[in-house]
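K.L.:
Got a structure for you, questions after.
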Ligand SMILES: [Zn+2]
């Protein structure tokens with residue numbers, strides 16, 4: 001089957017787009033943001049595309065909420081790691097800060 005990578009690429013693009021939408025809707029419609037995160041995660045699973053680390057910092061794996069730093073999540077940075085806590089369900093997770101910097105323009 002051809003175009004397996006292409007499919008993954010398209011899925012990734014859509015995942016990024018969904019997270020952009022989630023961000024845009026967050027202030028007024030947090031429940032919509034949550035829905036976008038859900039869609040993005042499903043897209044990833046269906047197309048075997050891994051959600052990029054930088055985006056993994058933007059949602060809670062446990063309750064699925066879209067997380068905004070200082071709004072519904074707490075960020076504690078320690079060296080190259082950041083500990084993110086979801087204020088909705090209290091779930092805590094750690095991510096590397098290194099990869100995020102690499103991705104930024
Ligand atoms: Zn949560």
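K.L.:
Which one of these does residue 45 not meet: (1) surrounded by 13 or more Cβ atoms within 10 Å (Cβ to Cβ); (2) within 16 Å of residue 12 (Cβ to Cβ)?
P.N.:
(1)
K.L.:
Name the one entry in 93, 66, 26, 59 that is within 15 Å of the ligand (Cβ to nearest atom) and more than 30 Å from residue 5 (Cβ to Cβ).
P.N.:
Exactly one of 93, 66, 26, 59 is within 15 Å of the ligand (Cβ to nearest atom) and more than 30 Å from residue 5 (Cβ to Cβ), namely 26.
K.L.:
Of (1) within 24 Å of residue 6 (Cβ to Cβ); (2) crowded, with 18+ Cβ neighbours inside 10 Å, residue 53 satisfies all except one. Which?
P.N.:
Result: residue 53 passes all but (2).
K.L.:
Quick test for you: out of 76, 56, pick the one residue that is within 20 Å of residue 11 (Cα to Cα) and out of contact with any helix residue (DSSP H, G or I) (no Cβ under 8 Å at 6 or more places or on another chain). Let's see the steps before the verdict.
P.N.:
Values: 76 fails: within 20 Å of residue 11 (Cα to Cα).
Exactly one residue qualifies, and that residue is 56.
K.L.:
Here is a further query. Which condition number in (1) farther than 27 Å from residue 6 by Cα; (2) surrounded by 14 or more Cβ atoms within 10 Å (Cβ to Cβ) is the one that residue 71 fails?
P.N.:
Here residue 71 meets the rest and fails (2).
K.L.:
Another question, then. Taking region 74-90 as the region of interest, how many residues are at positive phi and either within 15 Å of the ligand (Cβ to nearest atom) or surrounded by 13 or more Cβ atoms within 10 Å (Cβ to Cβ) (or both)?
P.N.:
The qualifying residues number 1.
K.L.:
Name the pairs whose Cβ atoms lie under 8 Å apart, with the first residue in region 87-99 and without any contact (Cβ under 8 Å) to a residue 40 or more places away in the chain and over 14 Å from residue 77 (Cα atoms), the second outside any loop (DSSP other than H, G, I, E, B) and more than 8 Å from the ligand (Cβ to nearest atom), and 6 or more positions between them or separate chains?
P.N.:
Listed by first residue and then by second, the contacts come to 87/73; 87/74; 91/85.
K.L.:
Out of all the residues in region 4-38, which are farther than 12 Å from residue 65 by Cα and crowded, with 16+ Cβ neighbours inside 10 Å?
P.N.:
Listed by number, the residues that qualify are 11, 12, 14, 15, 18, 21, 25.
Since every read-out is calculated from the coordinates, none of them should be taken as a lab result. Keep in mind that this is a model prediction, so the values were computed, not measured. Neighbour counts run over all protein chains shown; Cβ positions are idealised from the backbone, glycine included.
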